[in-house]
Each structure stands twice: as structure tokens, then as C-alpha cells.
Amino acid sequence: MLSQKMQEALNKQVNEEFFSAYLYLAMSAYFESMNLSGFANWMYVQYQEENTHALKIFKYIIERDAEASLKAIDTPQLKWESPLHAFEDALNHKKKVSALINNLTDLALIEKDHATNNFLQWFISEQVQEEANAKKIKDQLKLIGNSSDGLFMLDKELALRVFVDETISPA
Ligand code: MG
């Protein structure tokens, strides 16, 4: 059983993860509108990943015999000034989510909820990886500047990203 506070905080995080999914799906549509299909693919894969994050927490809430409450998902931003602006926003959003995961972990520690603390460790590692990935692309976009050759080369590279459900751990 989860405490009422922990249950509410985890349910809020489910919503945040679905919002993240929505934001990256909006970014995917933005890149498609610019004919940057590789960037759009990268964001679509990110959308798929965020859905698995939301579901991982949702399943945990149920597993702990607590109540899942699904709230409305906010409308994300739909347009950006440039690919660089979109990736800057993506990186800032990832940093915000990392802070939320840290707060959740703080709460689990305060409540001596060792199971939830242990559960959240996966998300802490995942956020480190995600921030690094988004930062790398953001930095590359900065280097590329106004070079359309550079942009198309990066687009080709990002087209190769494939979705893997990392929430399914080998037994
Ligand atoms: Mg996530």
C-alpha cells in the first residue's frame, strides 16, 4: 500500500510522463512539417518511450494496491522557431522531469517507502541518459548553425533511431 501523499505524487507523475509524450509528439509533427523526417522519427520514438514511462508508473501504482487516477493532459506547444529552439525546449523539459523524479524520490525517502525509492532508481538513471541524448543533438544543431548540409546529415542520422521498450527488464 502507498501513502495517500505518495499515491497522489505518483499519479501526478503519470500525467507528467503522458504530457511529455504529447510534447514530443507535437515536436514530431513540427519536424514533419519542415520535411525533416529523421528529426520527426527521433521525436516519435521519444513519444513512444514516454508512454512506456507513464505506464510503468501506472502499473506500479496498481501493483501497490493503490488507486490510479487519470487526469486530463495539457495541450503542448505546437510550433517552434527552429529545430534548435525545439531541442532547447526538449532539453529544458527533460531537466524539469528529472527534478520531478528527484522530488518523488525525496518524498519516498521521507516516508521511508523503500519499495518506491527502489522503483524510482530506474527513472533516475533513465533521465541522465535522456538529458545527455537531447543535449548532444542540441549542441550539434548549434554547431550546424545555418548549414542546410549539416542539418540534412543530422536528419539522416536521427532517422536511424528505433524504439525499444526499456521498461521491460529481462527476468
Ligand atoms: Mg519520461
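The values are calculated or read from the model by the stated rules, or taken from the named source; none is laboratory data. What you are looking at is a predicted structure, and each value in this text was computed from that prediction instead of being measured. No Cβ is skipped: glycine too gets one built from the backbone with ideal geometry, and neighbour counts run over all protein chains shown. Quick note on the areas: whole protein, heavy atoms, side chains included, nothing else; ligands and nucleic acids left out. Shrake-Rupley method; radii C 1.70, N 1.55, O 1.52, S 1.80 Å.
Odds and ends about this structure:
- Among the residues of the stretch 114-149, those that are farther than 30 Å from residue 31 by Cβ and among the polar types (S, T, N, Q) comprise 116, 117, 118, 121.
- Failed condition for residue 120, given (1) loosely packed, with under 13 Cβ neighbours inside 10 Å; (2) without any contact (Cβ under 8 Å) to a residue 24 or more places away in the chain; (3) over 16 Å from residue 46 (Cα atoms): (1)
- In the set (1) in contact with a helix residue (DSSP H, G or I) (Cβ under 9 Å, 6 or more places away or on another chain); (2) under 19 Å from residue 24 (Cα atoms), the condition left unmet by residue 111 is number (2).
- Within the stretch 34-80, considering residues that are buried (at least 19 other Cβ atoms within 10 Å of the Cβ) and among the hydrophobic types (A, V, I, L, M, F, W, C), the one farthest from the ligand (Cβ to nearest atom): 36
- Looking across the stretch 4-33 at every residue that is more than 16 Å from residue 68 (Cα to Cα) and open to solvent by 80 Å² or more (accessible area, probe 1.4 Å), the one that is farthest from the ligand (Cβ to nearest atom) is identified as 33.
- Of all residues making up the stretch 81-114, the number that are closer than 16 Å to residue 133 by Cα, open to solvent by 20 Å² or more (accessible area, probe 1.4 Å) and in contact (Cβ under 8 Å) with a residue 12 or more places away in the chain: 4
- Considering the conditions (1) within 16 Å of the ligand (Cβ to nearest atom); (2) within 13 Å of the chain's Cα centre (by Cα), residue 105 is excluded by exactly one of them, (2).
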